[in-house]
Amino acid sequence: LLAAAAATLAGREAVRMARLSAALGPAVPLLVAGWLACIAACALAAWLGAGIAGALLPSAKTMLVAIALLLAALELTLAKQVRTPTEPTRAFGAALLVFTAAQVAAAAGFVVFALAAALAAPWLTAFGGMVGSGAALTAAWSAGAEWTRLPLRPFRYGVALLLLVAAILTGLSALGLL
């Protein structure tokens, strides 16, 4: 829950939600689209993580977790900033599609994938990821234009650093060096 919330708060999805909320006003369908995207993305990530991990040896599963954490860190540091929409649409389906695509490839999705692969309860991992990501998007939705005034870059790099350290330690453990 906390890892997904931190990854979403630090990621581009929250900025996208805040900018759309500022442009369109805090419309409830926008928030619902964000939550549905979190549900779909976290369920998919947990299902994939648990499915792949079930076919791997324990050391390979641990290395898979390390790679997923590394990808989450890279996504936070290397991803381009979200552009402010010039003509934001009020279409629910469009918002749902954009948020779902963003959530699937977001750092929070990689974190849920990694935890689902590592833990015995992937659906609890999906639920925690969905609640954490959804809460972060709700905060961005309610803040609107104020969200972009927050010091997001240092927070994003801090979360990325924590994910990188976790990836390195997990990878070293998979190799038997820890």
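Rounded to the nearest 20 debye, the dipole magnitude of segment 63-164 is 200 debye, with +1 charges on Lys and Arg beta carbons, -1 on Asp and Glu beta carbons, and the Cα centre as origin. Accessible surface area normalised per residue over the chain is 50 Å², counting heavy atoms of protein chains with a 1.4 Å rolling probe.
Take the Cα of Leu172, step 7 Å toward its Cβ, do the same at Tyr157, and the gap between the two points is 2.3 nm. Largest first, the extents of the alpha carbon coordinates of segment 1-62 on the three principal axes equal 50, 20, 15 Å. Helices of the chain meeting both criteria, an alpha-carbon length of 15 angstrom or more along the long axis and an average Kyte-Doolittle score not below -1.0, with helices taken as full DSSP H segments, are 12-24, 28-54, 58-78, 92-104, 107-118, 122-143, 152-174.
As an equivalent ellipsoid, the chain spans semi-axes of 30, 17, 11 angstrom, where each value is the square root of five times an eigenvalue of the C-alpha gyration tensor, largest first. Kindly list the residues of segment 28-45 that lie in the label zone of Arg90, defined by a backbone N under 15 Å from the point 7 Å along the Cα-to-C-beta vector. Hits in segment 28-45 for Arg90 at 15 Å: 28-31.
Dipole orientation for segment 1-148: of the candidates Ala114, Ser142, Gly93, Gly93 has the Cα lying most toward the positive pole (charges on Cβ; Lys, Arg +1; Asp, Glu -1). Ranked by the mean number of other Cβ atoms within 10 Å of their residues, highest first, the peptides 139-145, 123-129, 13-19 come out as 13-19, 123-129, 139-145.
All distinct Cα pairs of segment 22-126 go into the 1/r average, and the inverse of that average, the Kirkwood radius, is 14.8 Å. Spin-label pair Gln81-Ala55: with each label point 7 Å from Cα along the Cα-Cβ axis, the two points sit 4.1 nm from one another. For the chain, adding -39500 (n - 2.57) for each run of n ≥ 4 DSSP H residues and dividing by the number of residues yields -26500 deg cm²/dmol at 222 nm.
Sort 164-170, 22-28 for me by packing, meaning the mean count of neighbouring Cβ atoms within 10 Å per residue, highest on top.
Going by the mean number of other Cβ atoms within 10 Å, highest first, we get 164-170, 22-28.
In this view, the solvent-accessible surface of Leu71, computed with a 1.4 Å probe and all protein chains in place, comes to about 80 Å².
The values are calculated or read from the model by the stated rules, or taken from the named source; none is laboratory data. Just so it is clear, the model here is predicted, and its values are computed rather than measured. Virtual Cβ from ideal backbone geometry, glycine too; neighbours counted across all protein chains shown. Please note that ligands, DNA and RNA were not included when accessible areas were found on the heavy atoms of the full protein model with its side chains. Shrake-Rupley method; radii C 1.70, N 1.55, O 1.52, S 1.80 Å.
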